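S.K.: Structure provided below as structure tokens; questions to follow.
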Amino acid sequence: MSNRMWGGRFSEKPDAIMEEINASIDFDKALAAQDIAGSKAHARMLAARGIITSEDSERIVAGLDAIACEIGEGRFAFSRALEDIHMNVESRLRELIGEPAGRLHTARSRNDQVATDFRLYVRDAIDEIDGQIHRLMLALAEKASRYADAVMPGFTHMQSAQPITFGHHLLAYVEMLARDRGRFADARRRLNECPLGSAALAGTAFPIDRRATAAELGFDRPTANSLDGVSDRDFAIETLAAASICAIHLSRFAEEIVLWCTAQFGFVQLSDRFTTGSSIMPQKRNPDAAELVRAKAGRILGALQALLVVMKGLPLAYSKDMQEDKEQVLDALPSLSLSIAAMTGMVADLTPNLQALREAAGTGYSTATDLADWLVREAGLPFREAHHVTGRIVAEAARLGSPLEEMPLAAMQMIHPAITVEVYDVLSVDASVRSRTSEGGTSPENVRRESKRWIERLTAAERQG
């Protein structure tokens, strides 16, 4: 007999290659805590419904607690011959309590068992990631408040565009991360249905109470269809989709940190805590944490694509293909968690070079739009004409090698006579950012107000639990 848990029909042992391709314990042992929680809930429900005795249920629960302790202390011997976490736990339970262990699997299948375990794992991971995103948002908002007045260049096409503030730039990522939290919350709400009791695919003839197990495990309700209950992996796909978008946001910020740390930009500095050196070049300070956050996005996006391909052609209900659903998730979600932790540390650690930021903010004639706006307001020009006049002034400034705010008044008046000395009031980078008071704009006043709003909102949520 190949396997005492299911091998009654079989007379020969599986080939070594079959064992190798069939085993999942190397990765699904990460579901141990969830598997034990689901089994305890199932045992209690079976006893409550009179399907097994209370004595057997109590012995099963005590045995499962002992196994959880063994796993937690690193004393549990996982066996590849037993294929997966479910049969490893059940086999050990039989060793500990004997014959009652065999009653645990009444009215359930590994199909609904793994679907339940997997949902519990993904739900736990979402809760952990949500807390981490919360902390990253708070770190960004606090740093934004501190640097609400710090002028820096804003870019489009990686060309100097208009002056903004460092705080405004950081708050852009707070907004992105808030949407990430919303996506994870949506995924969590949809996944929070319990497959346990769907059995293999058709439900069970035993008088089980699916609502009792769902409630004990913190689910909102049981899944409504047994076929869907065992075969659905939308919850994993949707969570990986949310993780992928979040990873892209982190990667974009990581890319900026990498650029900003270069000698060519010199916008920020990371301490020794988040940089590494070179084995050959003693002067190097490499932003490796940011580079690795950027790279881990590839793993997370790859996990989403892999799971989509696994699921795309599967008929109902369960197929062994679905064993390949977990490895990607078990890699991607911890990778995202580590990336968020690293980014939170870097945000707290990085120090902006205010002088370099200010000097760069004025390059590339970044206040040209302010000049065009002034011509509209003060000289009454249509914007398209003001845009054309400003372009001519910028071209002349480039020919003279002069910053826009130092252009001679006479030279500007040669291009348009309506320009007066008051134009210099809008050509500095500080005047530019102060003027951007429209809702969502970069003015320091706006940044202070928005960062305060986020800090208050995030800290209030922490106090509430």
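S.K.: Among the residues of the range 136-153, how many are among the small types (Gly, Ala, Ser) and open to solvent by 10 Å² or more (accessible area, probe 1.4 Å)? Please lay out each step first, then the result.
M.R.: From the range 136-153, those among the small types (Gly, Ala, Ser) are 139, 141, 144-145, 148, 150; that's our starting set.
Adding the requirement that they be open to solvent by 10 Å² or more (accessible area, probe 1.4 Å) leaves 139, 145, 150.
Here the count works out to 3.
S.K.: When you scan the range 204-227, do you find a residue that is open to solvent by 30 Å² or more (accessible area, probe 1.4 Å), part of a helix (DSSP H, G or I) and within 30 Å of residue 286 (Cα to Cα), even just one?
M.R.: Scanning the range 204-227, I find no residue that is open to solvent by 30 Å² or more (accessible area, probe 1.4 Å), part of a helix (DSSP H, G or I) and within 30 Å of residue 286 (Cα to Cα), so the answer is no.
S.K.: When you scan the range 373-410, how many residues do you find that are crowded, with 21+ Cβ neighbours inside 10 Å, assigned to a helix (DSSP H, G or I) and not hydroxyl-bearing (Ser, Thr, Tyr)?
M.R.: 5
S.K.: In the range 296-325, what residues are open to solvent by less than 60 Å² (accessible area, probe 1.4 Å) and polar (S, T, N, Q)?
M.R.: Residues satisfying the conditions are 319, 323.
S.K.: Continuing with the same structure: Being hydrophobic (A, V, I, L, M, F, W, C), touching a strand residue (DSSP E or B) at 6+ places or on another chain (Cβ under 8 Å) and within 19 Å of residue 404 (Cα to Cα), is that true of even one residue in the range 359-367?
M.R.: So far as the range 359-367 goes, yes, one or more of its residues are hydrophobic (A, V, I, L, M, F, W, C), touching a strand residue (DSSP E or B) at 6+ places or on another chain (Cβ under 8 Å) and within 19 Å of residue 404 (Cα to Cα).
S.K.: Going through the range 199-208 one residue at a time, which ones are touching a Leu at 6+ places or on another chain (Cβ under 9 Å) and touching a residue at least 40 places away in the same chain (Cβ under 8 Å)? Quick ask: steps written out before the conclusion?
M.R.: Going residue by residue through the range 199-208, those that are touching a Leu at 6+ places or on another chain (Cβ under 9 Å) are 201-202, 206, 208.
Scanning the range 199-208 gives 201, 206, 208.
S.K.: Residue by residue through the range 20-67, note down the ones that are closer than 16 Å to residue 94 by Cβ and either of a type in the set (Gly, Ala, Ser) or not in a helix (DSSP H, G or I) (or both).
M.R.: Hits for the range 20-67 are 39, 43, 52, 57, 62, 63, 66.
S.K.: Have a look at 293, 309, 258 and point out the one that is hydrophobic (A, V, I, L, M, F, W, C), touching a Pro at 6+ places or on another chain (Cβ under 6 Å) and part of a helix (DSSP H, G or I).
M.R.: After ruling out the rest, the residue left standing is 258.
S.K.: Mind listing whichever residues of the range 419-465 are among the small types (Gly, Ala, Ser) and surrounded by 13 or more Cβ atoms within 10 Å (Cβ to Cβ)?
M.R.: Listed by number, the residues that qualify are 428, 431, 432, 435, 441, 443, 451.
S.K.: Based on this model, can you work out whether residue 245 counts as at pLDDT 95 or above, open to solvent by 60 Å² or more (accessible area, probe 1.4 Å), in contact with a helix residue (DSSP H, G or I) (Cβ under 8 Å, 6 or more places away or on another chain) and of a type in the set (A, V, I, L, M)?
M.R.: For residue 245, the condition - at pLDDT 95 or above, open to solvent by 60 Å² or more (accessible area, probe 1.4 Å), in contact with a helix residue (DSSP H, G or I) (Cβ under 8 Å, 6 or more places away or on another chain) and of a type in the set (A, V, I, L, M) - is met.
S.K.: Tell me, yes or no, whether the range 118-135 has at least one residue that is open to solvent by 20 Å² or more (accessible area, probe 1.4 Å) and in a loop (DSSP other than H, G, I, E, B).
M.R.: No, there is no match, as no residue in the range 118-135 is open to solvent by 20 Å² or more (accessible area, probe 1.4 Å) and in a loop (DSSP other than H, G, I, E, B).
S.K.: Go through the residues of the range 20-27 one by one and say whether even a single one is modelled with pLDDT of 90 or more, surrounded by fewer than 20 Cβ atoms within 10 Å (Cβ to Cβ) and not charged (D, E, K, R).
M.R.: no
The values are calculated or read from the model by the stated rules, or taken from the named source; none is laboratory data. Everything numeric in this text was worked out from a predicted model, so none of it was measured. Note that we place each Cβ from the backbone using ideal geometry, even for glycine, and neighbour counts take in every protein chain shown. These area figures cover heavy atoms from the full protein model, side chains too; ligands, DNA and RNA do not enter into them. Shrake-Rupley method; radii C 1.70, N 1.55, O 1.52, S 1.80 Å.
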